[in-house]
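J.: I am attaching a structure below and will ask some questions about it afterwards.
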Amino acid sequence: MLFNIFAGLAVLSALLVVLNPLSRNPVTSAMFLVITMISISGLFVLLGAYFLAAVQILVYAGAVMVLFLFVIMLLDLQEIARRKLNLVSLAMGILAVGALFLVYKSSLESTYGEASQQHEVAADADQAEATTAKVVGSTQALGQALFSVGNGFILPFEIVSVLLLVAMVGVILLSRKEPG
Amino acid sequence: MNIAAWLILLLPLFSAVVIGLGAFRSRKVSAAISVGAVVGSFLLTLLLIRAGGELRTSVTWLEFEGLQIDIGLQIDTLSKLMLCVVTGIGGLIHIFSLGYMKEDMDFSRYFAFLSLFVFSMIGIVLADNFVMMFIFWELVGISSYLLIGFWFDKSSAADAAKKAFLTNRVGDFGFLIGILMVWAALGSVGFADLSNALSGETAAVTGLAGFLIFCGAMGKSAQFPLHVWLPDAMEGPTPVSALIHAATMVAAGVYMLCRVFFLIDGTWAMEAIAWIGGLTSLMAALMAVQQDDIKRILAYSTLSQLGYMVMAVGLGSPDAAMFHLSTHASFKALLFLGAGSVIVALHHEQDIWKMGGLRDRMPRTYWTFFIGTMALCGVPLFSGFFSKEAIIDVALQSNLLLFLVAVFVALLTTFYMTRLFIVAFMGEPRSAQAKRAKESPALMTVPLLVLAVPSVLAGYYNAHAPNPLVLCASLVMLVFGMLVANTVYSGAKADPLPARFVWLAKAMRGRFWFDEMYQWLIDRVQENLAKLAEAIDRRVIAGLMVRGTHGTTELAGRVLRLTQTGNLKAYAFWFAIGMAALLVFTLS
Amino acid sequence: MDWLLIIVLLPLLAAAAVGFVPGSQLRTIRGITLGASGLALLGALIAFCSFKVGGGLQFETKWTWVESLGLHFHLAADGINIGIILMGAIVAFAAACCADDITHRMKEFHILLNLMIGGILGAFASMDLFFFYFFHELALVPTFIMIGVWGRGANRNYATYKITLYLSLGALLALIGLIGVYVQTGAESFSIPDLIAKVRETPIDEAAQQWIFPLLMFGFGILVSLWPFHTWAPLGYGAAPTATAMLHAGVLKKFGLYGLIRVAIPMAPAGAQNWLGVLAWLALANLLYCGLVAVRQKDLNQLIGNSSVAHMGFIFLGIASLNVIGLTGAVLVMIAHGLLAALAFGLSGHLYRQTGSLDMSRMGGLLRQMPLAGTALLMALLAGCGLPGFANFAGEVTIFFAAWLAGLKTITVIAAWSALVIGGLYMMRAIRNILHGPRGDDWAKASDVNPLIATALGLLLAALMVFGFAPGLLTKGIESEVTKIVRLAKPAADASEAQATEVAVR
Amino acid sequence: MEPLLNHYLLVSGALFAIGLLGVIVRRNLLIIYMSLELMLNAANVALVAMSRFNGNLDGQVMVFFIITVAAAEVSVGLALIVALYRKRQTADVEDLATMKL
């Protein structure tokens, strides 16, 4: 039941981010994006990935969206100017996305569809208690997975930190005002 | 004995090579070597004749399984006779040209080419298989090209040489195909193997092959379709005309016919050869009547006499042809050398209407020329009479129409020869040079005298009682011809004939426009074909195929460029479509 | 004594040596090139004389290079290629002599020239598919550079592009064919004798041969200017400097034909059977068509280029007849035409140097002006139209006999017509325009050849005459090899072959 | 009823599709950027769902890394948009077509 709420909320707000009927102002789509982030973190909680849910809210909803709003305010865009909806690109978009989604759905059916449903249910029944007990995405479990020597995630972790550093330097350079 | 045979062949080649390599610097040495070589060969021939009997030696030149080509010598009565003619008259002409070419600056080059010619001529005479004969056939062609085009600074001489060579080449083409057919049918090229390998059922093939081989002879002996080159070949020095276009080269075709007579005997090729011979002799005689250049008249008379010989072979008697060939060689060479001495005396004046009154100015040339003319016209007791009468006799037995043609040609021969003789030697000198003309030095007149002997005596070689009908027919023609020519031309200032028969004279003078016809034919067919080939080469291959590929690649480039619109959304769209297609493809 | 190794390595070492000499020392550079090609010629001559006919592979050097692939640096001489190597060495020495018309960047030219000579001799001497192809490329690339940099004439760039594209495409096709052969025969060795031995018991399967042979045929065909792909030849030679034209037209062009005889026919006999009919007709087109085009040419180099393409038609016809006489005749014409093309291009190079133009309509009376070069050109052009006494005639007659025996009657008749009459026509027209008649006006100060070129031309003429008077020197060796190939190519038809010879002997 | 794996995958597919639609349809660069983020999150959902149903934590570790990379990417992206806007005074995709060949 909780899953339907969160999933429905996520999809709805995602739609509103993209095709916002009320006003063309980007701030509203930013707000709806925040709602999507929150509902996704809700889904994470449902799936037992508590640490990730927290991180999702902290990083995405908190930092990224604030950054977006900050940039929108900085550029103070008036989106109202061009109202006419470019039908051609809309049709193109829907066609492409529809094709891709259909392919995705059909592949889902074939792998996880009714055919494999019974097998799935049977396997799922005995597997249910084992997995819920075992995989709890608590911070401690995730930390162990990340830093234990066997998993080999240590090197990527270091690389990511370097990546963040590079990103920061890049941003500073890019947004520096030309001296002239 | 074998060494003697090989020496006959190789002496002239040796002299040509020595002169070519170094001796050309000094005139005397090269002249001595060349004359020595020819005379040496002549003596060796006499040696061989005295020794008598058949002789065959050969050296393999090219050998495969199924094809054996070798350089082989075959000495028998036929080749001995021809050797005599070639080396004997060749020697005399060498001595004559010592005098004739004295003040020419390319003196030694002339003798080198002359020796080369004699070498290739002897090669044809001694050849014992087709391929060797073909090799020397071409060598004779090239040496006649070099000699006709001796004064190559004159463009007329260069063109004449080119024309001679190309016409001979057409003949050689037929000859080559003939050889291929004979080889394919009978499996060998040697005359000996061919004669015994010849069996009834291959007659059909040898018929066509025989005719093709006759094409080779046609080219060389200037028979009907391929005769255009002989009159122009007079551009060369006169001794060359004497040697090549009277005695030896043109006779090579007849000699070859006699040599391979066993191949064409009894096939349909015989009639064709007879008719072509007859036609050539008639046409050439007609043309000769209206020529003014002394050498051209003699050239046409050679053509018509050759027509006689070919007709004789065509009618089935190679011996009559060979007999006439030998007698004709002597008196025609005499006439040409006589003309040569007249030309030298008149400082290279060749038009008979500028001559006249040479009777008392050049007695020795006059008398020898007189003997030559009598022999040519077939006056009894001279050599020409016996050989020509033999041919007319053969014509009478087998083909009446050709007999009439032969007799009419005899009349024409007498007519134009007496015309030449009267206009050139009798009457009053018509030009300043004619007045001041004086007898040629001994070096030139001695060969004339020496040649006069065989012109008279050669006939008695196999003299036999002439057939009465033929005898009186030829006598009537003889007397009638002389009388008409005498009345028309004695004391005439210009040629009266064109006034009387205007269009006939014009046709004769214009040589029946064969030259123009061939030239037109060549321009139409050859040049257009070549133009077409070049056009295709430039447009289709270079243009279409090369430009084509170049064009299509550029087009493809331009089309692909259109997809780079710079529009972000389009890129995203295509990206999505691409992904979808890829997924469908992989998952399905 | 492995002469072949010396012959091949000398020019390559010379190329390296010239690299070290500073560009200004022109005389030493020329000295090195002449010395190297001269010694190579000497070596080739000794090898040719001491060659035992029918003695299988001689003067053999075999170094294994890559064991697993079966790749060896394998030089050897048998009946077929000993003659061609001698011809290649003679032409190389003559080209080195005639290479003095190069004015700028002499050093680079000589390095490339030596590389080209080494490549040529190596290509014909190597018995290993890989090096067979490698040396050919080593000789081909310098040709493009030489024509591009030192070429002459207005459309030099166009000619360079064209020749490069055509020959690279041809070489590519041939390469694919060679790889096809290597793979189809079980792929354990590159050396030709092993491949032939292997193919003798287990021939390549029928279907594979159907695509291998056309690939090789058209690949080598393009390299040798087979009819539809011939437009690069006259253009390229027109624009090439003298030495390059001599070497390429004379020797390198024969690589394709040598490849056909050595690799294509023994390896893919079934393919050969039905594709050689096509080759015969293309050869005829080569002969007739290019002869006609040559008649129309005004430029001497174009004329020689077209006539050499026409001569290729002969060799193709010889190969297409697929019998012992035909293949021997083909190799004989290859050698004869090599010498002839080198001679002709050497002379045209000399003429070009006098006035910078080869337009025949403005020439005339040169025999008087330059007697030595004039007589050499006269003899070259006469040899070109198949005059007995020169090696070309011996080869051409053999090929006519072979084509007739192989049943290609109409083709032989037309080929004979185009060779004798059309060939005679354009050669005579060239002689008439260049040598005879009154002297062309701007040729007043034309000088005769200098002694060095005179020796080179003399050498070529002497070789032409020697092989003309005694073709047996070459044909005996060639025939013993060719019988093996023909027996391999036509096992079934051997009965008919024997029967044909038996008829002949009767 | 207990949500199953393909429900989650369905949701993630829908989110991804909507994100893609946004990128293709909208003309404002910022909105495109937001929909890009959306697509990333869709991937995260799928990953976490997989790790939940396959019983090991690798999926979640992967998501962890994705989030960090996404953060870096957003910052650089926005800096670019700011620089672009300052130079071209527009954030509309139609005008930025200089890459056209």
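J.: Among A:Asp76, B:Asp128, B:Asp293, rank each residue by its count of other Cβ atoms within 10 Å, from fewest to most, as a rough exposure measure.
T.: Going from least to most buried by this count: A:Asp76, B:Asp293, B:Asp128.
J.: Enumerate the calculated ³J(HN,Hα) couplings along the range C:41-57 in order (Karplus 6.51 cos²θ - 1.76 cosθ + 1.60, θ = phi - 60°), each rounded to whole Hz, writing x wherever the residue is Gly or Pro.
T.: Computed from phi, the couplings for the range C:41-57 are 4, 4, x, 4, 5, 4, 4, 4, 6, 8, 7, 8, 5, x, x, x, 6 Hz.
J.: Please go through the range B:20-73 and write out the GluC sites (Glu not before Pro) that DSSP classes as loop and that have at most 13 other C-beta atoms within 10 Å. Mind dumping the intermediate values first?
T.: Working: sites: B:Glu54, B:Glu63, B:Glu65; in loops: B:Glu54, B:Glu65.
When the GluC sites (Glu not before Pro) of the range B:20-73 are filtered for loop state and at most 13 Cβ neighbours within 10 Å, B:Glu54 remain.
J.: Around B:Ser317, with a cut-off of 12 angstrom between Cβ atoms, what is the net charge of the other residues, counting Lys and Arg +1 and Asp and Glu -1? Could you put the intermediate results ahead of the total?
T.: Working: positive: none; negative: B:Asp265, B:Asp319, B:Asp393.
The answer is -3.
J.: Give the average, rounded to an integer, of partner chain Cβ atoms located within 10 angstrom of each Cβ in C:291-299. Spell out each step's value before the answer.
T.: Working: counts 2, 11, 9, 3, 7, 9, 2, 0, 0.
Per-residue shielding by partner chains comes out at 5.
J.: Rounded if a/c is under 1.5, else prolate if a/b beats b/c, else oblate: with a ≥ b ≥ c from the C-alpha gyration tensor eigenvalues square-rooted, which is the range A:1-81? Show your work: numbers first, answer last.
T.: Values: a/c = 5.46, a/b = 1.62, b/c = 3.38.
Verdict is oblate for the range A:1-81.
J.: For helix D:58-88, what angle does its Cα long axis make with the longest principal axis of chain D, in degrees from 0 to 90 and rounded to 10?
T.: Around 10 degrees separate the two axes.
J.: Label the range B:349-507 by shape, choosing from rounded, prolate and oblate, from the square roots a ≥ b ≥ c of the eigenvalues of the Cα gyration tensor; if a/c is under 1.5 it is rounded, and otherwise prolate applies when a/b is larger than b/c, oblate when it is not.
T.: Numbers: a/c = 2.85, a/b = 1.32, b/c = 2.16.
Here the range B:349-507 falls in the oblate category.
J.: Give a quick list of trypsin sites (Lys or Arg not before Pro) in the range D:26-101 that DSSP marks as loop, anything other than H, G, I, E or B, with at most 16 other Cβ atoms within 10 Å. Intermediate results must be reported in sequence, preceding the final value.
T.: Details: sites: D:Arg26, D:Arg27, D:Arg52, D:Arg86, D:Lys87, D:Arg88, D:Lys100; in loops: D:Arg26, D:Arg27, D:Lys100.
Hits after loop and neighbour filter: D:Lys100.
J.: What range in chain B is the longest one free of trypsin sites (Lys or Arg not before Pro) that are in a loop by DSSP and have at most 12 other Cβ atoms within 10 angstrom?
T.: Values: sites that count: B:Lys438, B:Lys493.
Here the longest segment lacking exposed loop sites spans B:1-437.
J.: Right, something else. When only DSSP loop residues count, what GluC sites (Glu not before Pro) in chain D have their Cβ near at most 16 other Cβ atoms within 10 Å? The partial results should precede the final answer.
T.: Values: sites: D:Glu37, D:Glu73, D:Glu94; in loops: D:Glu94.
For GluC sites (Glu not before Pro) across chain D that sit outside H, G, I, E and B with at most 16 neighbouring Cβ atoms in 10 Å, the list reads D:Glu94.
J.: Right, here's the next one. Rank the residues D:Ile67, B:Ile297, C:Ile304 as a footprinting-exposure proxy: fewest other Cβ atoms within 10 Å of their Cβ go first.
T.: On the way: D:Ile67 20, B:Ile297 26, C:Ile304 29.
So the residues, fewest neighbours to most, are D:Ile67, B:Ile297, C:Ile304.
J.: Could I ask something else about it? What does the average come to when, for each residue of peptide C:164-170, you count the partner chain Cβ atoms lying within 10 Å of its Cβ? Mind dumping the intermediate values first?
T.: Values: counts 0, 3, 1, 0, 0, 1, 0.
The per-residue average across the peptide is 1.
J.: Can I ask one more? Only Lys, Arg, Asp and Glu count, each charged at its Cβ (+1, +1, -1, -1), so figure out the dipole size of chain C about its Cα centre, rounded to 20 debye. Provide the component values of the computation, followed by the final result.
T.: Numbers: 29 positive and 25 negative charges, 278 e Å.
Once rounded to the nearest 20, the dipole reads 1340 debye.
J.: Using a Debye calculation, one point per C-alpha and no hydration shell, please list log10 I(q)/I(0) for the protein assembly as shown at q = 0.04, 0.05, 0.06, 0.09 Å⁻¹ in order.
T.: -0.41, -0.55, -0.68, -1.13
J.: Enumerate the whole-percent occupancy of each 20 Å bin, from 0 to the last occupied one, for all C-alpha pair distances of the range C:3-500.
T.: 25, 60, 14, 0
J.: Between the range B:515-588 and the range C:295-368, how many Å separate their Cα centres?
T.: Cα centroid to Cα centroid, the span is 33 Å.
J.: Using the C-alpha atoms of the range D:26-101, what convex hull volume per residue, in cubic angstrom, is computed?
T.: Working: hull volume 7.6 nm³, N = 76.
Dividing the Cα hull volume of the range D:26-101 by its residue count gives 100 Å³.
J.: Can you give the local net charge around C:Phe59? Use residues other than it whose beta-carbon is closer than 14 angstrom to its beta-carbon, Lys and Arg +1, Asp and Glu -1.
T.: In short, -1.
J.: Over what distance in Å are the Cα centres of the range C:423-443 and the range B:69-116 separated?
T.: The two parts, judged by their Cα centres, are 28 Å apart.
J.: Within 12 Å, Cβ to Cβ, of B:Thr248, how many net charges do the neighbouring residues add up to if Lys/Arg are +1 and Asp/Glu are -1?
T.: Details: positive: B:Lys220, B:Lys332; negative: none.
Summing Lys/Arg as +1 and Asp/Glu as -1 gives +2.
J.: Longest segment of chain C with no GluC sites (Glu not before Pro) in a DSSP loop having at most 14 other Cβ atoms within 10 Å? Write down the numbers at each step before the final one.
T.: On the way: sites that count: C:Glu67, C:Glu188.
Answer - C:189-506.
J.: Something else about it: Please name whichever of B:Phe111, D:Tyr8, A:Thr139 sits farthest to the positive end of the charge dipole of the protein assembly as shown, dipole taken about the Cα centre and charges placed at Cβ: Lys and Arg +1, Asp and Glu -1.
T.: B:Phe111
J.: Please report how far the C-alpha centroid of the range B:299-357 lies from that of the range C:23-94, rounded to the nearest whole angstrom.
T.: 59 Å
Taken together, the values in this text are just the output of simple stated rules run on the coordinates, not laboratory data. Just so we're clear, the structure is a prediction, and the values are computed from it rather than from any experiment. Positions of Cβ are generated from backbone atoms using ideal geometry, with glycine treated the same way; all protein chains shown enter the neighbour counts.
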